[in-house]
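Nothing in this text is a laboratory measurement; each read-out follows from the coordinates by a stated rule. These numbers were taken from a predicted model, which means no experiment stands behind them. So basically every Cβ, Gly included, is an ideal-geometry build from the backbone, and we count neighbours across all protein chains shown.
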Amino acid sequence: MTKTYQELPLTPISDAPSTINLTGYWRVIRPVVDKEKCKRCTICWKFCPDGSIVLVDGVPEIDLNYCKGCGICAHECPSKCITMVQEGQE
Amino acid sequence: MRKVMTGNYASAYGAKLSRAEVIAAYPITPQTSIVEKLADMVSAGELNAKFIPVESEHSAMAACIAAEIAGARTYTATSSHGLTLMHEVLMWASGARLPIVMTNVSRAMAPPWSVWVDHMDSIAQRDTGWLQFFCQSNQEVLDTIIMAYKVCESKSVMLPAMVIEDAFILSHTSEPVDIPEQDAVDSFLPSYEPEFKLEPGKAMGFGSLVRPDQYMEFRYKAMLAMKDAHDRFLRVEQEFKQVFGREHGGLLERYRCDDAEVVLVAAGSVAGTAKEVVDAMRAKNIPVGLARIRAFRPFPHDEVRALASKVAGLAVLDRSYTFGAAGAMFTEIKASVYSCAKRPVMKNYIAGLGGRDITPRILERIFEDMLLVAKRPEEGEVEWVDVAGLPKRWK
């Protein structure tokens, strides 16, 4: 709800880190990992610009709350085990 | 205690007496001796501050911003290209409502390369939301730094300020300066207690994104704060006078302006010379006066209007030039005076760029010119003074 200037603090101050913003909803394409083909090289994890990849036993799990679907992980994966899929499709 | 010192040392003592807790700075001519002196004070244990040597002026201001958000009183100093490199973060400091105080040793912008006095660097920061105080003497530099912290840190202001000393004329020229007692400064200027600050273990974001539905409200608040800074400064200076026994003339200092026919408006060290010229001309019964702009932001519109309605001519001396327009002080004063029922004739004199001397003789010629122009407005209201190749002789 819009606040009046009297109600607002001096400058925008938030008491929570920016992780409260679930930026995953910006996504139009989604990375899907083929865990059988994954060689556990962790290159996708190193390249993800948003820290949205969590490694579970060396295998990437995508945090869809924050993944914006940029596709860098799929592009960098040497074993081609990540494919980008249109949102709304399997 | 009175000591003979340069304007730069007066700045350093001003920051020390104000108990700056974090100082981040990058050296640049002619500011260097300010931060050298402060580094000495910190290393000798005379000043309990964190001194952060940084790799650029942009970083110096960024470090001050971060420290100020964490609740520290911060100070920095710069000049010319250093100030203009800070431009982006100057906006951040005011938008985040951080009462940082900085000395700018006003120096010409290059090219042509120059290290001498000129107000272009300061004037170019006009719209950053900083308070700007131009000083005439080394004493005023020291006093204004202490006053600036008090004005800026008051809850209704919470904006940063730059205290401006003219390159070399103040920065490297020694004058007797009274150094107030630390106890007196401590009671005048209590420690900085912001309403919100970063604290360990508590996640907070400052200056975060707002959507178009809330942006204007924040800018409106800053506008009110700058407006309040005008009256706040006058009150703080009166309080300062009660404690330390001196003042420097409010936002617009008026010198022998009563019954003056023509008044020269100027800022910075040239005002000292102009006062001598006014005295000499008054001795010959020539009715002239001087108005010195101390605060360029907040601009003393009401004071200018009150003065303008009583004189026949206003000569405005700008030590910088805004290409495609006129001197910035002139433009501002003209805008103020427009709403006066009775308007004086006005003329802009561009002088002293890049450290060119503005001699008593030149100032006398400006007064004489304005006395004529006030009776017979000439064509063209902006004149460049003492330029080789122009027909008019000023010396």
| request: May I ask for the Rg/Rh ratio of region A:23-86, computed from Cα atoms with Rh as the Kirkwood radius, given to two decimals? | output: 0.92
| Dipole of the protein assembly as shown, positive direction: furthest Cα of B:SER309, A:CYS81, B:LEU85, with charges on the beta-carbon | B:SER309
| note | Computed for chain B: size of charge dipole around the Cα centre, +1 on C-beta of each Lys and Arg, -1 on C-beta of each Asp and Glu, debye to nearest 20, value 760
| message | Show me the three semi-axes of the equivalent ellipsoid for the protein assembly as shown, from the C-alpha gyration tensor (sqrt of 5 times each eigenvalue), largest first, rounded to whole Å. | response | 52, 26, 22
| With a sphere of radius 13 Å drawn around the Cβ of B:ALA312, what net charge do the other residues whose Cβ falls strictly inside it have (Lys, Arg +1; Asp, Glu -1)? | +4
| query | For region B:155-240, what does the equivalent ellipsoid look like in terms of its semi-axes, each the square root of 5 times an eigenvalue of the Cα gyration tensor, given largest first in whole Å? | reply | 33, 19, 16
| field | region B:252-384: translational diffusion in µm²/s, Stokes-Einstein, Kirkwood Rh over Cα pairs, 25 °C, 0.890 mPa s | value | 170
| Can you give the direction-averaged projected area of the convex hull of the alpha-carbon atoms in region B:168-309, in nm²? | 14.1
| message | Greater than 25 Å separation of Cα atoms is the criterion. Which listed pairs, B:LYS50/B:LYS221; B:LYS37/B:LYS197; B:LYS37/B:LYS150; B:LYS37/B:LYS227, meet it? | response | B:LYS50/B:LYS221; B:LYS37/B:LYS197; B:LYS37/B:LYS227
| Percent antiparallel among DSSP beta bridges (both partners in the protein assembly as shown, rounded to 5) | 35
| request: Find the Rg to Rh ratio for region B:55-202, where Rh is the Kirkwood radius over alpha-carbon pairs and Rg uses the same atoms. | output: 0.98
| task | Taking a cut-off of 16 Å between Cα atoms, list the aspartates and glutamates near B:LYS3, but don't count ones fewer than 8 places away on the same chain. | result | B:GLU140, B:ASP143, B:GLU175, B:ASP178, B:GLU181
| query | Taking neighbour Cβ counts within 10 Å as the exposure measure, how do B:MET1, B:MET223, B:MET158 sort from fewest upward? | reply | B:MET1, B:MET223, B:MET158
| said: 7 Å from Cα along Cα→Cβ at both B:ALA335 and A:MET1: what's the point-to-point distance in nm? | reply: 3.8
| request: Quick one: net charge around B:VAL117, please, counting Lys, Arg +1 and Asp, Glu -1 for every other residue with C-beta under 12 Å from its C-beta. | output: -2
| task | Provide the percentage of antiparallel DSSP beta bridges, counting only those with both residues in chain B; round to the nearest 5. | result | 20
| query | Can you sort B:ARG393, A:ARG27, B:ARG292 by how many other beta carbons sit within 10 Å, fewest first? | reply | B:ARG393, A:ARG27, B:ARG292
| field | Cα convex hull of chain B, projected area averaged across orientations, nm² | value | 20.8
| said: What whole-number distance in Å separates the alpha-carbon centres of region B:276-302 and region A:15-90? | reply: 68
